[in-house]
Amino acid sequence: MADTTKIKNIIALLTAHITDNMHPPSQPGILSGRAGQLLFLWYAARWIPGLISESQFEDLLADLSPNMEVPYAMCFGHGLSGIAWFYEVILNDTEYQAEFNANSDTVLHDYVLSAQGNAEFEYVLGLNGIAAYAARRAHHGQGKQLIESLVAELIARAHFFHENECSWPTQPTSAYRLVEDKDEQEFNLGLAHGVPGILAALIALIPHLDEEDCKLKATKVLRAGCHWLVKQQQDPATYGSYYANLAGYPAKSRLGWCYGDLTIALTLFRAGALLSEPGYSKLAQAISLHASSRGPTDAMIQDAGLCHGAAGLIVIFSLLQRYYPHPEIAAASAHWRDFVLSRFEKQGLAGFNKLKDGPDNLHFEEDYSFLSGYAGVGLCLLVAAGQEPDWIDALLLA
């Protein structure tokens, strides 16, 4: 049976399983709640017409927005900006209504302006994730004030070592801080919670800045941040990867979306294209080739999820292939596709279960979410079958 047919059968099973196990309206978020599940259903129905009825989808969608907690969380992970991004996906594929998210633009703009200096700025809970919504909104000429306020805030938080080198230290109070000593400056190297995510957000936002002075300043900060990031590379022959999880703490990092070499390489490719810096792209090529040779154990792959599992690697390697067409990178994407399919062949949908820490031991459990569960695996398999991944901007990958 051809891979496309296998994937079609899996998508049908996932659709039924997710529809029967939707997160309650009280959990509306994009990364771990109902919006992320609906995102998969939307794209699955694109590929297999009639897989879910229009009325059924509309009923599930109607449960989404009225049930958010008040005051709203603004973050992308489980708050307003992630849900507003999802609505932009729907609006883009239907008759676009610019006014639909106009109130979200205003609320988010006010939130960014009022953000305190110790507020989270990473992707899941902080300001950085809002950039994913703002950039998508800007494709329709909307939310310009939100973009300006976000860029200004990210620039203001940059720590300059000298004129041509800057970074963004993790807040001492951050939920994602890894260094226990709060007095020590920590520089996180993961896309989800660290400096690469800031750079990826600036890459997405800068093309939508109208004021030339602001664009020049943001571009200078982006270049200085990339210069700092390039200097943080370690010897892959010694440590097993080009980048660790934290600057100054050499160690092997996993392959994944949240941490590791792959999304750093993709960010450097994107920065190199925007800034006309071939040096960034050259380093990204070397990182990509090294990563393409890493197998499941070396890559620390233990489950199938999008965030740090095998399915996410299908998509990320396919994106790297666009910047650097190379047979080894294409082969890596195919390898991880086959790896995910083999898990299904051996275990059924249980092969897509999430590995989770327990009080006494690691264990696998069902997860229906976009970031770590069935919905994300399904979206990645749709990409493996040839569907355009035009949802990847949600993860700061475009």
If we keep just the residues of the stretch 48-63 that are of a type in the set (S, T, N, Q) and not in a loop (DSSP other than H, G, I, E, B), which is nearest to the chain's Cα centre (by Cα)?
-> 56
How many residues are under 20 Å from the mean Cα position of the chain (by Cα), surrounded by fewer than 24 Cβ atoms within 10 Å (Cβ to Cβ) and among the acidic types (Asp, Glu) if we restrict to the stretch 99-132?
-> 1
Conditions (1) touching a strand residue (DSSP E or B) at 6+ places or on another chain (Cβ under 6 Å); (2) at pLDDT 95 or above -> residue 356 fails only (2)
Can residue 89 be described as under 26 Å from residue 258 (Cα atoms), open to solvent by less than 10 Å² (accessible area, probe 1.4 Å) and of a type outside the set (Gly, Ala, Ser)?
-> yes
Which of (1) under 16 Å from residue 305 (Cβ atoms); (2) open to solvent by 30 Å² or more (accessible area, probe 1.4 Å); (3) in contact with a helix residue (DSSP H, G or I) (Cβ under 9 Å, 6 or more places away or on another chain); (4) among the acidic types (Asp, Glu) is the odd one out, the single condition residue 390 does not satisfy?
-> (1)
Of residues in the stretch 223-246 being open to solvent by 20 Å² or more (accessible area, probe 1.4 Å) and assigned to a loop (DSSP other than H, G, I, E, B), the one nearest to residue 377 (Cα to Cα) = 245
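How many residues does the stretch 133-142 hold that are more than 21 Å from the chain's Cα centre (by Cα) and surrounded by 20 or more Cβ atoms within 10 Å (Cβ to Cβ)?
First, pick out the residues of the stretch 133-142 that are more than 21 Å from the chain's Cα centre (by Cα): 140-142.
Restricting the remaining residues to those that are surrounded by 20 or more Cβ atoms within 10 Å (Cβ to Cβ) gives 142.
Going through the stretch 133-142 one residue at a time, the tally reaches 1.
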Which of (1) at pLDDT 95 or above; (2) open to solvent by less than 20 Å² (accessible area, probe 1.4 Å); (3) within 20 Å of the chain's Cα centre (by Cα) is the odd one out, the single condition residue 166 does not satisfy?
-> (3)
For residue 322, state whether it is basic (Lys, Arg), in a helix (DSSP H, G or I) and modelled with pLDDT of 95 or more.
-> yes
Got a sec? Which of 268, 289, 274 is in a helix (DSSP H, G or I) and crowded, with 19+ Cβ neighbours inside 10 Å?
-> 268
Within the stretch 359-384, work out how many residues are part of a loop (DSSP other than H, G, I, E, B) and either modelled with pLDDT of 95 or more or surrounded by 18 or more Cβ atoms within 10 Å (Cβ to Cβ) (or both).
-> 7
Under 6 Å between Cβ atoms, at least 6 apart or on separate chains: pull out the pairs that start in the stretch 30-50 with a residue that is among the β-branched types (Val, Ile, Thr) and crowded, with 23+ Cβ neighbours inside 10 Å and end on any residue that is modelled with pLDDT of 95 or more and not in a loop (DSSP other than H, G, I, E, B).
-> 30/36; 30/82; 30/86
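In the stretch 325-345, what residues are outside any helix (DSSP H, G or I) and either surrounded by 18 or more Cβ atoms within 10 Å (Cβ to Cβ) or free of Cβ contacts under 8 Å to residues at least 24 places away in the same chain (or both)?
Restricting attention to the stretch 325-345, the residues satisfying the condition of being outside any helix (DSSP H, G or I) are 325-326.
Hit for the stretch 325-345 is 325, nothing else.
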Does residue 199 meet the test of being under 18 Å from the mean Cα position of the chain (by Cα), part of a helix (DSSP H, G or I) and under 17 Å from residue 160 (Cα atoms)?
-> yes
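When you scan the stretch 299-307, do you find a residue that is assigned to a helix (DSSP H, G or I) and open to solvent by 40 Å² or more (accessible area, probe 1.4 Å), even just one?
We begin by selecting, within the stretch 299-307, every residue assigned to a helix (DSSP H, G or I); these are 299.
Now drop any that are not open to solvent by 40 Å² or more (accessible area, probe 1.4 Å), which leaves none.
No, every residue in the stretch 299-307 fails to be assigned to a helix (DSSP H, G or I) and open to solvent by 40 Å² or more (accessible area, probe 1.4 Å).
Does residue 189 satisfy the condition of being touching a Phe, Trp or Tyr at 6+ places or on another chain (Cβ under 7 Å) and modelled with pLDDT of 95 or more?
Values: touching a Phe, Trp or Tyr at 6+ places or on another chain (Cβ under 7 Å): yes; modelled with pLDDT of 95 or more: yes.
Yes, satisfied.
The values are calculated or read from the model by the stated rules, or taken from the named source; none is laboratory data. Predicted, not measured: the structure shown is a model, and the values here were computed from it. Positions of Cβ are backbone-derived with ideal geometry, glycine not excepted, and every protein chain shown enters the neighbour counts. With ligands, DNA and RNA removed, areas are computed over all heavy atoms of the protein, side chains included. Shrake-Rupley method; radii C 1.70, N 1.55, O 1.52, S 1.80 Å.
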